[in-house]
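Trainee: My questions will all concern the structure given below.
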Amino acid sequence: QVQLVESGGGLVQAGGSLRLSCAASGRNLNSYTMGWFGQSPGKEREFVAAINWSGGATYYATSVKGRFTISRDNAKNTVYLQMSSLKPEDTAVYYCAARKETVMFVTTRALYDYWGQGTQVTVSS
C-alpha cells in the first residue's frame, strides 16, 4: 500500500505561482512513474504532468507546457509541481498519483494505481 499526501495549494492571483508537493510513504517509489492530475467542479479529472522514475523524462498537457514544471526527489519520496504564470482556468483540485514505471499511456488516469486526497488551487482574475 502506498499513501500520497499533497500540499502547497492555495489562493493566488493570475500571473502568480505556487509549488505543489506530494509526499509518499509506505513503499519505495523509486521505480514508479508519478503524475499530477487536475479536476474542476463538474469536469473529469485531467492529466497535467508526469515524470519517470529517474526524472529524465517528463510529460505535460499542452495547456501547461512552458508554465508548469514537474520534478522529483527520490531520496525524499517526493514529487513537485512548480506552477508559474497561473491563469484562472488552472483553478482545480490537484491530485498526485503513482503507477509502476512505463513509457506508454502516461496521460491515462485509469492506469495509475495510487492517489492522494488532492489540494485546492484557486487562481483569481
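Trainee: Could you tell me whether Arg67 is surrounded by 12 or more Cβ atoms within 10 Å (Cβ to Cβ), over 13 Å from the mean Cα position of the chain (by Cα) and without any contact (Cβ under 8 Å) to a residue 40 or more places away in the chain?
Mentor: yes
Trainee: How many residues, within the range 73-86, are more than 17 Å from Phe47 (Cα to Cα) and of a type outside the set (Gly, Ala, Ser)?
Mentor: Residues that pass the stated criteria total 5.
Trainee: A further question on this structure: Looking only at the range 26-47, how many residues end up being over 17 Å from Ala61 (Cα atoms) and surrounded by 12 or more Cβ atoms within 10 Å (Cβ to Cβ)? Even if it seems obvious, please write down each step before you answer.
Mentor: Taking the range 26-47 as the starting set, the residues that turn out to be over 17 Å from Ala61 (Cα atoms) are 26-32, 41-42.
Still in the running and surrounded by 12 or more Cβ atoms within 10 Å (Cβ to Cβ): 27, 29-32.
Looking only at that region, the number is 5.
Trainee: Tally up the residues in the range 92-114 that are in contact (Cβ under 8 Å) with a residue 40 or more places away in the chain, within 16 Å of Glu46 (Cβ to Cβ) and surrounded by fewer than 18 Cβ atoms within 10 Å (Cβ to Cβ), please.
Mentor: Selection size over the range 92-114: 3.
Trainee: Quick check: anything in the range 9-23 free of Cβ contacts under 8 Å to residues at least 12 places away in the same chain and either open to solvent by 70 Å² or more (accessible area, probe 1.4 Å) or in contact with a helix residue (DSSP H, G or I) (Cβ under 7 Å, 6 or more places away or on another chain) (or both)? I'd like the intermediate steps shown before the answer.
Mentor: Kept after step one, since they are free of Cβ contacts under 8 Å to residues at least 12 places away in the same chain, are these residues of the range 9-23: none.
Looking through the range 9-23, none of the residues is free of Cβ contacts under 8 Å to residues at least 12 places away in the same chain and either open to solvent by 70 Å² or more (accessible area, probe 1.4 Å) or in contact with a helix residue (DSSP H, G or I) (Cβ under 7 Å, 6 or more places away or on another chain) (or both).
The values are calculated or read from the model by the stated rules, or taken from the named source; none is laboratory data. Bear in mind that the values here come from a model prediction, so they are computed numbers and not experimental data. Quick reminder, even Gly has a Cβ in these numbers, built from the backbone with ideal geometry, and neighbours come from all protein chains shown. Note: areas computed on protein heavy atoms with side chains; ligands, DNA, RNA excluded. Shrake-Rupley method; radii C 1.70, N 1.55, O 1.52, S 1.80 Å.
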